[in-house]
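Everything below concerns the one structure shown next.
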Amino acid sequence: MSTERSRLLFWRHPAAVATRRTRSAAGAVAAISLSAALLVAAVPAVDAVGPPGPSDRSGAPRLVARPGERMVSYPGLAVAWPASRVSVGSGYAVRGLVSAPGVGATATLQRLVVGVWTDVISTPVARSGSFVLPLPTFYFGHFSYRLRVTGDGVDPVETPALSVVVVPTYRPRGRDTSYALISTSPVGRWDPCTPIGYRVNLAEARQGALRDVQSALARIALATGLQFRYLGTTDVVPFASDGPFDPSVADLVVAWTDPESVPGLFQPGIYALGGPEMRSGHDVAGGPVRQIYQGGVTFNSAFNPVLKPGSGEGYTRVAALMHELGHAVGLFHVTGDGAEVMSPSLARDRDQWGAGDLAGLEAVGAVNGCVTPDASARGNRGDAQALLTRD
Ligand SMILES: [Zn+2]
């Protein structure tokens, strides 16, 4: 299973200690594993803080907040956290200063994932006591972080949780309650810890279709944290036959097809289909998840002239792809909020995710951590095959 392969690679990554987790509810915070510190001590020491900062009168280095940072002092540790709201892709770092770092000290950034504190990245603490850890801001969402500093000869330090919201670079319209999931209980979502391999069937597509698929997937990735990997072309047409397509082809296929070549696939007026296939799985806390393991989008090529290539004004192919791919990652239609891409009908000039779209995409996204299929899980038909109609 590719999930296991991915986990192994992640574990091997020297900067991440993905296997050691503590449950926040279990009060296991006192169990400090120095072996974990030794594990990451093999990382080449990079003191990205650079030269020591300003010193107080005693000559000890001190940490000075930069614009937009939140200085928080803990016993034995000062931390310059990013602001509570940061723009996606802004490249923030968490800077810290340990007052008595000891030998071989390690600072670890942890994130609360479905109630489980999970290591994000670790770094050695410099002799001066300083360290810097990059804070992931590559996708939207509400995150809860904390820092742990461990090492020989010092008491471990663990900060309380601190929240960081990663926001888009534009102001989304609409309401953040305006979304619906294809599967709500349990939630249907992909495993964000494994890249989703996709192929395109461009036999009946117009020029530039692949570029638009990639543009729409980039917008999905920004909103979910899901990662997509292009595998090439295919002749598969999702939904042309019952059940999933051959899983060895790809995890996700986006196709254009002539309606006459697949009779009955499109009802009158329908110009695209999109949806997921799901099976039973669980998250890192053992909670149930409907794991999306395959996604499909099929466009009716008879409507090609209606969709303008690219994004921007008018009925655009990128907006239609965002909507269909939204179904493929677990979103259903929402009504009563015209700002949402997941409204049942395509609209002019609506090619940015609305506030509800973003909330829904977060609910099916990487914020919620890895998904593992249950041992007994077998592929079964998705709960819904959603339809897109033109308004
Ligand atoms: Zn739809």
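The values are calculated or read from the model by the stated rules, or taken from the named source; none is laboratory data. Since the model is a prediction, treat every value here as computed from it, not as a measurement. Note that each Cβ is placed from the backbone with ideal geometry, even for glycine, and that neighbours are counted across all protein chains shown.
Taking the conditions (1) modelled with pLDDT of 95 or more; (2) over 30 Å from Pro172 (Cβ atoms) in turn, Tyr145 satisfies each one other than (2). Listed by first and then second residue, the pairs linking a residue in region 58-82 that is not assigned by TED's automatic domain parsing to the domain that holds Asp155 and at pLDDT below 90 to a residue that is in a strand (DSSP E or B) and surrounded by 16 or more Cβ atoms within 10 Å (Cβ to Cβ), with Cβ atoms under 7 Å apart and 6 or more places separating them unless they lie on different chains, form an empty list.
Is it the case that region 216-236 has a residue that's polar (S, T, N, Q), within 21 Å of Val364 (Cα to Cα) and either in the same structural domain as Ala359 (by TED's automatic domain parsing) or in contact with a Pro (Cβ under 9 Å, 6 or more places away or on another chain) (or both)? So far as region 216-236 goes, yes, one or more of its residues are polar (S, T, N, Q), within 21 Å of Val364 (Cα to Cα) and either in the same structural domain as Ala359 (by TED's automatic domain parsing) or in contact with a Pro (Cβ under 9 Å, 6 or more places away or on another chain) (or both). The residues of region 229-243 that are surrounded by 20 or more Cβ atoms within 10 Å (Cβ to Cβ) and within 23 Å of Pro192 (Cβ to Cβ) amount to a single one, Pro238. Of all the listed residues (Gly369, Gly354, Gly360), the sole one being on the phi > 0 side of the Ramachandran plot and at pLDDT 90 or above is Gly369. Among the residues of region 306-320, those that are more than 13 Å from Gly208 (Cα to Cα) and not charged (D, E, K, R) comprise Val306, Gly312, Gly314, Tyr315, Ala319, Ala320.
The set of residues from region 343-360 being in contact with a strand residue (DSSP E or B) (Cβ under 7 Å, 6 or more places away or on another chain) and either more than 11 Å from the ligand (Cβ to nearest atom) or outside any loop (DSSP other than H, G, I, E, B) (or both) comprises Ser345, Leu346, Asp351, Gly360. Among the residues of region 334-355, those that are within 23 Å of Glu277 (Cα to Cα) and touching a residue at least 40 places away in the same chain (Cβ under 8 Å) comprise Val334, Met342, Pro344, Ser345.
When Ala255, Ala209, Ala285 are screened for being modelled with pLDDT of 95 or more, outside the structural domain of Val114 (by TED's automatic domain parsing), closer than 25 Å to Tyr139 by Cα and surrounded by 20 or more Cβ atoms within 10 Å (Cβ to Cβ), only Ala209 passes.
The numbered conditions (1) surrounded by fewer than 17 Cβ atoms within 10 Å (Cβ to Cβ); (2) without any contact (Cβ under 8 Å) to a residue 60 or more places away in the chain; (3) of a type in the set (Val, Ile, Thr) are all true for Thr137 except (1). Could you list, in sequence order, all residues of region 373-391 that are surrounded by fewer than 21 Cβ atoms within 10 Å (Cβ to Cβ) and either within 16 Å of the ligand (Cβ to nearest atom) or modelled with pLDDT of 80 or more (or both)? The answer is Pro373, Asp374, Ala375, Asp383, Ala384, Gln385, Leu387, Thr389, Arg390, Asp391. Taken across region 142-165, residues that are under 27 Å from Glu362 (Cβ atoms), in a strand (DSSP E or B), β-branched (Val, Ile, Thr) and under 18 Å from the mean Cα position of the chain (by Cα) do occur, with at least one present.
Counting only strands (runs of 3 or more DSSP E) wholly contained in region 252-342, the ones carrying 3 or more residues that are within 20 Å of Ala223 (Cα to Cα) and within 15 Å of the ligand (Cβ to nearest atom) occupy 270-283, 288-300.
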